[in-house]
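These notes are about the structure you will find just below.
No lab work stands behind these numbers, since they all come straight from the coordinates. Please read all numbers here as calculations on a predicted model, not as lab measurements. Cβ coordinates were reconstructed from backbone atoms using ideal geometry, including for glycine residues, and neighbour counts include every protein chain displayed.
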Amino acid sequence: MKTPIRYSIFPSNPEAHLFEVRCTVADPDPAGQKFSLPTWIPGSYLIREFAKNVVRIRAQSGRKMWPLVKLDKNTWQVAPTDGPVTVTLEVYAWDHSVRGAHLDTTHAFFNGPSVFLKVEGREDDPCEIEILPPRGARYRGWRIATAMKRKCAKSYCFGTYHAANYDELIDHPVEIGTFTLATFKAAGVPHDIAITGRHRADMERLCRDLKVLCETQIRFFGEPAPMERYVFLVTAVGDGYGGLEHRASTACSARATSCLERASRKSRAATAPSSGCALTSTSIPGT
């Protein structure tokens with residue numbers, strides 16, 4: 001059995017929008033292990049240059065700091081070592097889109113390609129990820145929404161998650177904060193809706209409408225569904241929109257001036273459900 005690549009991610013300074021991310025390899029390449037950050041993200045077909053947000057990077061082997069050189073815009077190499085090596089990144093997270101990472105005192109959101117180093121030559125190895133809470137009493141109510149599988153974590157809680165390989169690791173976005181949560185089943189598969197930001201969503205109707213849509217899609221492509229559960233990660237914003245689909249989740253943003261607001265108003269005015277979505281929003285502080 002392969003030793004997993006171990007990661008941890010810690011919102012070290014929400015006020016400064018900084019994550020601390022670690023990647024530990026138990027048996028690195030004896031010629032000097034290479035690490036890189038992708039320049040792309042699954043489902044989005046442009047060069048993204050996530051390495052530009054790396055503020056600091058360092059390597060450690062045992063108790064010693066270890067030499068680390070930058071080979072190109074997004075690749076680093078650690079000097080040869082006989083023992084495990086850990087590379088630590090400090091990542092600036094102030095991307096309001098569904099493609100990158102965002103962190104402030106109201107919530108945290110990240111996509112794997114923007115924070116998790118790829119261990120060159122070890123892309124098929126299993127991965128374990130410890131998601132840590134920020135320090136401070138103001139963050140005690142924060143929880144986690146993601147489709148990533150849990151290992152040593154309770155539902156919606158901080159702890160250890162796992163992925164079969166690097167491709168799976170970076171295909172599960174994560175939302176952290178005090179989001180509104182609702183759950184329904186479609187074709188027997190649990191579906192979560194996590195909404196971040198101030199909103200006036202009719203959660204009961206939202207679940208009812210999405211259940212119909214999801215079951216129609218699942219039956220169209222053929223049962224059983226290809227995932228054990230599915231998560232909608234929604235950010236309610238005053239202006240803007242976007243969406244990015246993943247293997248078992250969708251990250252999207254919705255604005256109050258869109259058809260979503262009109263549908264919600266119609267829902268409140270009528271006694272019978274209509275075909276629109278039931279989400280309205282105002283802007284989130286800090287976004």
Once phi is turned into ³J(HN,Hα) by the Karplus curve 6.51 cos²θ - 1.76 cosθ + 1.60 with θ = phi - 60°, what whole-Hz value does each residue of the range 28-40 show in order, with x for glycine and proline? x, 3, x, 8, x, 6, 9, 10, 8, 9, x, 9, 9
Cross-link table LYS149/LYS185; LYS73/LYS118; LYS2/LYS34; LYS52/LYS149; LYS2/LYS73; LYS73/LYS151, entries beyond 22 Å C-alpha to C-alpha: LYS52/LYS149; LYS2/LYS73; LYS73/LYS151
To the nearest 20 debye, what is the magnitude of the charge dipole of the chain about its Cα centre, counting +1 on the Cβ of each Lys and Arg and -1 on the Cβ of each Asp and Glu? 800 debye
With an 8 Å cut-off on Cα pairs and a minimum separation of 6 or more residues, tell me the relative contact order of the range 131-186 in percent. 36 percent
State, as an integer percentage, the relative contact order of the chain based on alpha-carbon contacts under 8 Å between residues 6 or more apart. 16 percent
In the Gaussian network model of the chain, springs joining C-alpha atoms below 10 Å, which of LEU132, LEU213, LEU37 carries the largest mean-square fluctuation? LEU213
For the chain, whose charge dipole is built from +1 on Lys and Arg Cβ atoms and -1 on Asp and Glu Cβ atoms, the candidate among LEU206, ALA79, ALA187 with its Cα farthest towards the positive end is LEU206
If the elastic network links every pair of Cα atoms under 10 Å, which of PHE116, PHE220, PHE50 fluctuates the most in the Gaussian network model of the chain? PHE220
Taking only Cα atoms and a 10 Å spring cutoff, compute GNM fluctuations for the chain and point out the largest among GLY121, GLY243, GLY159. GLY121
